[in-house]
Amino acid sequence: MSDLILALDLGGTKIAAGLVDPDGALVYHATGLTPDGDAETVWSAVETLLSDTLRQAEGTVRGVGIGSAGPVDLPSGTVSPINIIEWQRFPIVERVASVARLPVRLGGDGLCMALGERWRGAGRGARFMLGMVVSTGVGGGLVLDGAPYAGRTGNAGHVGHVIVAPEGGALCTCGGHGCVETIASGPHLVQWARQQGWTAPEGADAKELAAAAAAGDPLALKAFQRGATAIAAMIASVGAVCDLDLVVIGGGVAKSGELLFGPIRDALASYAGLTFLRTLRVVPAELGGDAGLVGAAALLRA
């Protein structure tokens, strides 16, 4: 193997590393849990995974792509992930470069998911695309005119914080109110269903809610309908601003399939009144958990 790209995917629950070949195939993959502890403890786990992956390369590694939970700050090469509170303006680009001694590129995890799906997944060939994840949170990234669009700081595409409930919307972890994440993320789907009277064992999550909906539970079905309607409103808004032709949705909640995608498409048909939005397609992601690594590698192709 030659001309490999080393990819890192950094999140609050797990960290992953991989080697990606010139065709976008993930030829090596390793993961570890994100440790509790101070900033250096978390970095130590990343450094170990990075060093181990470099040793696995049987050929030239030409660079390192990093996809990180955000916010990110591309001009400074730092990250301040909401779900890794120990890292505040952590100099991840500088730290990785000091170990790898290779060119390093940084992107938000939503952007990397979008780039991965465009390179090897459901978004192949799309010129104007939103890639998004619906899971514990709602995130996303944009490809505009065939190129990744990171924005001024690297945080463009944070679609989970599009406001869809301005009147009386719930408080979001971002500090705002009424964000789509407060309605459509897995934990909020479950929370709303419980508030309406859904009875489930303690600790039941969106997977159990999806199973209940598939079995015909009316409250579970309403929870998915409500979340899907919020997502559709967001897609229509972002689609109108960015003139999108494709939305690719992945993440744990998206694994519920037509329980989510059917209501999204139905609601989008009523929201997308502009002629240029009527051809906007919404499809499931194909790469699963590998999208972030493949997309992080794609940062070095841009």
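Where a number appears in this text, it was derived from the coordinates with a stated rule and is not lab data. In this text the structure is predicted, and so the values were computed from the model without any measurement. Heads up, the Cβs are rebuilt from the backbone with ideal geometry, glycines too, and the neighbour counts pull from every protein chain shown.
Per-residue ellipticity at 222 nm, computed for the chain from helices alone with -39500 (n - 2.57) per DSSP H run of at least four residues, works out to -11000 deg cm²/dmol. Under 20 Å between alpha carbons, and skipping anything fewer than 8 positions from residue 222 in its own chain: which lysines qualify? Answer for residue 222, where 20 Å is the Cα cut-off: 207, 255, listed by chain and number. For region 83-195, the square roots of the Cα gyration tensor eigenvalues, ordered a ≥ b ≥ c, give a/c of at least 1.5 with a/b no greater than b/c, which places it in the oblate category. Take each peptide in 3-12, 138-147, count the other Cβ atoms within 10 Å of every residue, and average; sorted highest first, the result is 3-12, 138-147. Between the listed residues 104, 48, 79, the Cα displaced farthest toward the positive end of the dipole of region 37-120, a dipole computed from Cβ unit charges relative to the Cα centre, is found at 104. Judged by the ratio a/c of the largest to the smallest principal axis of the C-alpha gyration tensor, region 37-90 counts as oblate, that ratio being 1.5 or greater while a/b is no larger than b/c.
Helix 258-271 sits at what angle to the longest principal axis of the chain, using alpha carbons and giving 0 to 90 degrees rounded to 10? Computed tilt is about 70 degrees. The length gained by stretching the chain between residue 44 and residue 243 to full extension, at 0.36 nm per residue less their Cα-Cα distance, is 67.4 nm.
Using a cut-off of under 15 Å, list every residue of region 140-156 whose amide N is near the label point 7 Å from the Cα of residue 76 along the Cα-to-beta-carbon line. 153-155, by backbone N distance to the label point.
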